[in-house]
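The values are calculated or read from the model by the stated rules, or taken from the named source; none is laboratory data. Keep in mind the model is a prediction, meaning the values are calculated, not measured. In this analysis, Cβ positions are derived from the backbone assuming ideal geometry, glycine residues included, and neighbour counts consider all displayed protein chains.
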Amino acid sequence: MRGTRKDWWLKILGLLLVFAVIASACGDDDEGSDPEPGDDASDSSGDDSSGDDSSDDGDDGGEDADPLAGCGEGAVTDLSPDRDVARCEPGYPAPQPLEERASVRLATNFWGFEFTAPYVLALELGEFEKENLDVEVVTGVSLADGIVQMEDCTVDITVGGTEASLHNGISAGLTVKQVIGNYFPPDAGDTSIDQTGLWARADAFTNPDDPDLTELEGTTLGTAVALGSVINYPIGLAFQEAGVSLLDLDLEVIPSADLPLALENGAVQSAWVLDPIWSQLADNPDFVLVATQPPGEALGGLYASSCFREDRREVAVAFIRALIRTMNTYLAEGYKTNNVEELQVLADVADIPLEAFTGTPETLMDWEMGEGTSERAQGFFMEYGVLEYDEIIPEDQVYDRSIYLEAVRGPEG
Amino acid sequence: MTDTTRPKISARSVERVFAAETDNPVHALGPFDLDIADGEFCCIVGPSGCGKSTFLRIVAGLLRPSAGAVEVDLAGTSKTPIAMVFQDYGIYPWKTVEANVRFGLEVGGMSKRDAREKALFWLGRLGLTEFRNAYPDKLSGGMRQRVAIARALAVEPEILLMDEPFAALDAQLRQILQEELLALWEADKRTVLFITHSLEEAIVLGDRVLVMTARPGRMLESVQVPFDRPRTPELRAEPEFNEFKAGLWDHLKLQVEQYLNELRTVEEEGDER
Amino acid sequence: MTNTDPNTTVDKRGPRVLRREPGVAEIKPRAHVRNRKAAERALAIGVPAALLLLWQLAHHYEWNLLGYWKIDQRFYASPYEIVTSEKLREADFWRDVWTSTRRMLIGFALGAGAGVFIGLAMGMSRLVRAALDPLLTALYTVPKLALLPLFLTIFGFDERPRVMLIAVTVFFFVWISTMAAIMAVPEGYREAAMSFGVSRWQMFRHVLLPGSLPQIFVGLRIAAGVAVLILIGVELVIPSQGGIGSLIERGRTLLIPELTYVGIALAALLGLLFTLVVRWIGRLLIPWAPEDNAPGQG
């Protein structure tokens with residue numbers, strides 16, 4: 001009898017514990033995942049278009065004021081490498097809230113880095129909210145996994161580079177296409193300015209001031225990613241110009257943050273080093289920047305399958321419009337001095353000091369997809385043997401530019 | 001209901017062949033015929049490997065005969081009408097003494113409380129009450145065999161099958177357990193089929209002693225034991241006891257020698273190969 | 001007395017007769033054993049074959065399982081595609097398979113050797129046991145894959161961290177089973193040997209080692225399976241420098257499902273073959289032990 005009573009109490013205690021754990025886990029979740037769009041949004045974007053109470057779903061702002069008024073000639077470019085990046089005025093394209101609230105699930109590997117700023121800030125500063133969008137973010141999802149999940153509409157839109165997996169998927173009959181670009185370094189193409197790019201040990205060259213890339217043949221190159229990653233397009237391009245193939249080097253996959261160390265101790269002679277990690281190598285005569293991202297080319301962006309691009313086009317346009325507006329409003333040229341307040345929001349999300357952002361050069365946020373990037377990247381992927389097909393897929397099967405065009409030009413494109 | 005003229009156990013032309021599917025089948029038993037009356041204490045002796053245990057296992061239903069049949073006539077409705085005590089005890093080291101005794105009752109569907117009550121009763125009768133919470137590991141061989149007997153008797157079987165239960169015990173302990181078994185049997189006179197190597201044990205315990213031939217085991221002789229019950233240990237000292245035993249031994253000896261000869265020829269055949 | 005007395009045979013609640021009669025196995029022993037073996041073989045081959053067939057069908061007709069899981073041909077490879085995959089004809093591919101095999105064999109050999117050695121020492125000596133048992137028991141529970149960063153720091157980015165991680169994992173399985181095996185050698189065997197005045201070495205050679213070998217091989221076989229597990233795990237985490245795990249990961253990151261599935265099938269095959277080899281060696285070394293019924297038996 002005594003034994004059973006004791007057991008009884010133990011069971012109750014156990015159950016209570018389980019409930020307590022579950023309850024606290026749920027509680028954390030709620031607090032963590034619920035952005036508070038209202039206040040942040042209204043006090044940070046005091047320009048126009050917001051501010052009014054939008055209880056009547058944009059009746060008063062919709063017809064008379066042209067939502068595309070701030071998107072002039074400069075909102076669309078000729079996509080050439082030397083173009084000025086496309087821009088609208090801050091606050092444009094203005095919100096055109098959906099009649100019915102729509103939910104969008106965004107899958108991304110990273111959250112809180114500078115290159116994630118457009119969607120992080122659109123969420124945190126309420127730009128999605130203004131379109132009557134309920135955006136749910138799933139982090140830790142690679143492009144390949146996101147592409148697969150978009151095909152049965154589990155995920156609406158996903159983030160990544162113009163990678164081999166994207167092209168393999170399209171060749172296998174997936175409906176994924178790139179719908180918006182992301183960014184490129186403003187000084188891309190100029191190795192005299194320290195930036196993201198291929199960094200090398202100075203002692204790998206006979207003349208470090210005028211480095212000859214052929215001298216890297218047979219040496220070890222450190223990279224954070226495998227051959228199918230888009231980064232191997234600019235690397236390959238740099239070596240190609242010197243008449244060397246990337247395959248003539250030994251590749252060593254090393255986590256991004258460890259690359260400066262690997263360069264320092266000679267484990268690798270060169271490495272593709274990203275923002276802001278390259279700043280550890282800048283101003284150090286032991287290392288030289290030997291190649292950069294090609295100018296005027298965003299090497300990635302956001303992708304969507306037909307589930308989103310076609311079946312829910314209106315929602316897709318609203319989503320992209322919010323992203324473009326965020327770029328124009330908070331991330332236009334000079335944002336590191338003009339938009340410190342918004343950068344602070346990003347720093348809080350990333351849980352790093354603001355200086356990590358203000359201390360590095362700006363990147364050019366670009367919603368367009370430059371001409372030919374996909375096809376040129378495919379050429380290199382083919383050489384690396386990471387594609388499952390032999391004929392380059394034309395870029396109109398990879399890019400869907402119609403959505404961002406509709407966002408800045410209106411339905412007729 | 002029980003028809004007193006019907007034997008409790010009747011075996012007809014029972015045979016058992018092992019490895020029958022191979023080219024070297026072993027004919028272990030029979031043909032073997034036997035009737036055991038209700039309430040009879042029947043002892044089977046025979047040389048090693050003569051199929052005594054095989055027969056017991058057939059009766060218990062652990063093994064099927066290769067030919068012939070055994071019929072067991074049951075009066076009651078118990079789920080466990082036949083209980084068995086093994087030479088190596090067969091009690092579970094992971095159960096306490098009491099849990100071991102309860103085991104047969106609980107798997108038979110008895111409620112936990114009734115099973116406990118009954119188990120305690122039988123533990124008492126076998127002098128195990130104070131060890132009821134011990135694990136068998138802590139007990140001597142004699143104690144363990146008492147647990148096995150208590151477990152078998154607790155289900156109150158109509159038939160108790162015992163396969164050389166005391167073979168592993170020393171002579172003194174063996175004698176004590178024999179007396180205890182006799183006392184328990186006298187109390188309710190169950191049908192017992194008892195297998196042993198020991199003629200003396202068979203005579204002290206049994207109403208009847210069956211002597212089996214060497215392999216393949218057949219019935220050599222069936223002898224009624226002429227001593228009155230209840231029997232006492234002093235019986236062993238009586239001249240009649242020893243005379244009777246000597247008579248049986250003569251029969252058995254021939255069989256043992258034959259068994260040894262057979263072994264020898266097998267070895268020689270092996271050597272020739 | 002007849003065997004079929006209608007009054008006494010069936011009534012379950014009242015008096016009844018139990019009949020012990022020959023069954024099929026006794027009446028036709030050869031046929032029975034033949035049939036049973038045939039049935040076992042049919043099951044051993046038939047069940048996997050049936051599953052493969054189901055998989056093939058599910059793939060071919062793009063079944064929608066449970067209304068939720070659609071077998072999309074673009075994401076799932078069929079058994080036929082795996083077996084006939086172009087990849088299997090590429091030299092690079094087999095280089096990866098060999099890379100994995102080599103890592104596994106070296107890692108297993110190192111881990112098993114150390115495990116048997118330490119296990120024997122601890123099983124035989126109370127002092128060694130006292131010295132190492134708490135430490136090893138504590139380390140035993142550490143998930144070995146979690147040690148990878150540490151090993152990368154110690155050994156650098158070459159074969160060593162991978163091989164060592166396999167070795168360490170194998171070590172713990174073999175160590176525990178070896179120690180337990182030695183300690184489980186019955187006291188009677190030891191005393192019998194001591195009564196003949198054996199030396200420590202003779203005790204080991206004639207009693208402890210043979211007495212514990214069957215158990216040691218159980219540990220080795222488990223470790224063989226785990227070695228494949230950890231091998232693939234390591235290669236998934238650091239896919240550079242090849243291996244089956246990196247093929248699987250490559251297939252995933254490059255969106256080439258066929259490659260992933262071929263890799264998984266090969267990993268399974270590698271594990272099966274390796275386990276069989278270890279067991280076969282065990283049979284050769286311990287002819288006295290009863291045959292077990294672990295997977296793969298014909």
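Residues considered: B:S66, B:S13. Of these, the only one that is without any contact (Cβ under 8 Å) to a residue 60 or more places away in the chain and over 17 Å from C:P29 (Cα atoms) is B:S13. Here A:L323 does not qualify as in contact with a strand residue (DSSP E or B) (Cβ under 6 Å, 6 or more places away or on another chain), buried (at least 17 other Cβ atoms within 10 Å of the Cβ) and closer than 26 Å to A:T175 by Cβ. Considered as a group, the residues in segment A:261-283 that are among the acidic types (D, E) and surrounded by 15 or more Cβ atoms within 10 Å (Cβ to Cβ) include one that is nearest to A:T219 (Cα to Cα), and that residue is A:E264.
Residues are listed down the side, and each one gets a yes or a no for (1) surrounded by 17 or more Cβ atoms within 10 Å (Cβ to Cβ); (2) more than 8 Å from chain C (Cβ to nearest Cβ):
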site: B:S48; (1), (2): no, yes
site: B:S53; (1), (2): yes, yes
site: B:I58; (1), (2): yes, no
site: B:E71; (1), (2): yes, no
site: B:S78; (1), (2): no, yes
site: B:P81; (1), (2): yes, no
site: B:V85; (1), (2): yes, yes
site: B:D88; (1), (2): no, yes
site: B:Y92; (1), (2): no, yes
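Among residues of segment B:126-150 that are farther than 19 Å from B:P165 by Cβ, those with a beta-carbon under 8 Å from a residue that is among the β-branched types (V, I, T) and at pLDDT 90 or above at least six positions away or on a different chain give the pairs B:R132/B:T96; B:R132/B:V97; B:N133/B:T96; B:N133/B:V97; B:A134/B:T96; B:A134/B:V97; B:Y135/B:T96; B:Y135/B:V97.
Selection of segment B:197-210 for residues being in contact with a Leu (Cβ under 8 Å, 6 or more places away or on another chain) and surrounded by fewer than 23 Cβ atoms within 10 Å (Cβ to Cβ) yields only B:L199. Of A:A257, A:A200, A:A224, A:A238, all but one fail to be without any contact (Cβ under 8 Å) to a residue 24 or more places away in the chain, touching a helix residue (DSSP H, G or I) at 6+ places or on another chain (Cβ under 9 Å) and either over 20 Å from A:S165 (Cβ atoms) or within 14 Å of chain C (Cβ to nearest Cβ) (or both); the exception is A:A257. Scanning segment C:78-113 for residues that are over 30 Å from C:K144 (Cβ atoms) and of a type in the set (A, V, I, L, M, F, W, C), we see that the one that is surrounded by the most Cβ atoms within 10 Å (Cβ to Cβ) is C:L88.
Every residue in segment A:386-412 that is assigned to a loop (DSSP other than H, G, I, E, B) and either basic (K, R) or surrounded by 13 or more Cβ atoms within 10 Å (Cβ to Cβ) (or both), please.
If the condition is that a residue be assigned to a loop (DSSP other than H, G, I, E, B) and either basic (K, R) or surrounded by 13 or more Cβ atoms within 10 Å (Cβ to Cβ) (or both), then A:V386, A:L387, A:E388, A:Y389, A:I392, A:I393, A:V398, A:D400, A:R401, A:G410 are the ones that fit.
Pairs linking a residue in segment C:247-259 that is at pLDDT below 90 and of a type in the set (S, T, Y) to a residue that is part of a helix (DSSP H, G or I) and surrounded by 22 or more Cβ atoms within 10 Å (Cβ to Cβ), with Cβ atoms under 7 Å and 6 or more positions apart or on different chains, are C:T253/A:A144; C:T253/A:S165. Evaluate the following for B:D33: is it surrounded by fewer than 17 Cβ atoms within 10 Å (Cβ to Cβ), at pLDDT 90 or above and closer than 23 Å to B:E164 by Cβ? Yes, satisfied. Scanning segment A:131-170 for residues that are among the polar types (S, T, N, Q), over 22 Å from A:F113 (Cβ atoms) and either surrounded by 20 or more Cβ atoms within 10 Å (Cβ to Cβ) or modelled with pLDDT of 95 or more (or both) gives A:N132, A:N168. Exactly one residue out of A:D286, A:D248, A:D258 is within 24 Å of the chain's Cα centre (by Cα), among the acidic types (D, E) and surrounded by fewer than 24 Cβ atoms within 10 Å (Cβ to Cβ), and it is A:D258. Restricting segment C:54-75 to residues that are touching a residue at least 24 places away in the same chain (Cβ under 8 Å) and under 19 Å from A:Y389 (Cβ atoms), the residue that is nearest to the chain's Cα centre (by Cα) is C:F75. Restricting the search to helices (runs of 4 or more DSSP H) fully inside segment C:74-188 and requiring at least 3 residues that are touching a helix residue (DSSP H, G or I) at 6+ places or on another chain (Cβ under 9 Å), under 22 Å from C:G251 (Cα atoms) and hydroxyl-bearing (S, T, Y) gives C:91-124. Just one of B:I9, B:I44 is touching a helix residue (DSSP H, G or I) at 6+ places or on another chain (Cβ under 8 Å), under 28 Å from B:E179 (Cβ atoms) and within 11 Å of another protein chain (Cβ to nearest Cβ); which is it? When all the criteria are applied, what remains is B:I9.
Taking segment A:246-275, which residues are touching a Pro at 6+ places or on another chain (Cβ under 9 Å) and under 26 Å from A:P353 (Cα atoms)? Answer for segment A:246-275, where residues must be touching a Pro at 6+ places or on another chain (Cβ under 9 Å) and under 26 Å from A:P353 (Cα atoms): A:W272, A:V273, A:D275. The helices (runs of 4 or more DSSP H) falling completely within segment A:123-175 that include 3 or more residues that are within 14 Å of another protein chain (Cβ to nearest Cβ) and on the phi < 0 side of the Ramachandran plot map to A:143-151, A:164-171. Of C:S195, C:S199, C:S240, all but one fail to be hydroxyl-bearing (S, T, Y) and touching a residue at least 24 places away in the same chain (Cβ under 8 Å); the exception is C:S240. For segment A:199-228, a residue qualifies if it is closer than 30 Å to A:Y404 by Cβ and modelled with pLDDT of 90 or more, but none of them does.
Cβ-Cβ distances below 8 Å connect the following pairs, each with a first residue in segment C:21-43 that is more than 10 Å from chain B (Cβ to nearest Cβ), a second residue that is part of a loop (DSSP other than H, G, I, E, B), and a separation of six or more residues or different chains: C:R41/C:G298.
Conditions tested, residue by residue: (1) in a helix (DSSP H, G or I); (2) of a type outside the set (D, E); (3) out of contact with any Lys or Arg (no Cβ under 8 Å at 6 or more places or on another chain).
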site: A:G266; (1), (2), (3): no, yes, no
site: A:V290; (1), (2), (3): no, yes, yes
site: A:G296; (1), (2), (3): no, yes, no
site: A:D311; (1), (2), (3): no, no, yes
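Right, A:N109: touching a Pro at 6+ places or on another chain (Cβ under 8 Å) and under 26 Å from A:A347 (Cα atoms) or not? The answer is no for A:N109.
Have a look at C:A193, C:A167 and point out the one that is over 30 Å from A:S142 (Cα atoms), out of contact with any Leu (no Cβ under 7 Å at 6 or more places or on another chain) and away from chain A (no Cβ under 14 Å). Even if it seems obvious, please write down each step before you answer.
On the way: C:A167 fails: out of contact with any Leu (no Cβ under 7 Å at 6 or more places or on another chain).
That would be C:A193, the only listed residue that is over 30 Å from A:S142 (Cα atoms), out of contact with any Leu (no Cβ under 7 Å at 6 or more places or on another chain) and away from chain A (no Cβ under 14 Å).
Close Cβ contacts (under 9 Å, 6 or more residues apart or on different chains) running from residues in segment A:126-148 that are over 16 Å from C:T260 (Cβ atoms) to residues that are part of a loop (DSSP other than H, G, I, E, B) and of a type in the set (F, W, Y) comprise A:V137/A:W111; A:T139/A:F110; A:T139/A:W111; A:G140/A:F110; A:G140/A:W111.
Name the residues in segment B:164-191 that are outside any helix (DSSP H, G or I) and surrounded by fewer than 22 Cβ atoms within 10 Å (Cβ to Cβ), would you? Listed by number, the residues that qualify are B:E164, B:A167, B:A168, B:L169, B:D170, B:K189, B:R190.
Listed by position, the helices (runs of 4 or more DSSP H) inside segment C:196-271 whose residues that are within 14 Å of chain A (Cβ to nearest Cβ) and crowded, with 22+ Cβ neighbours inside 10 Å number at least 3 are C:244-253.
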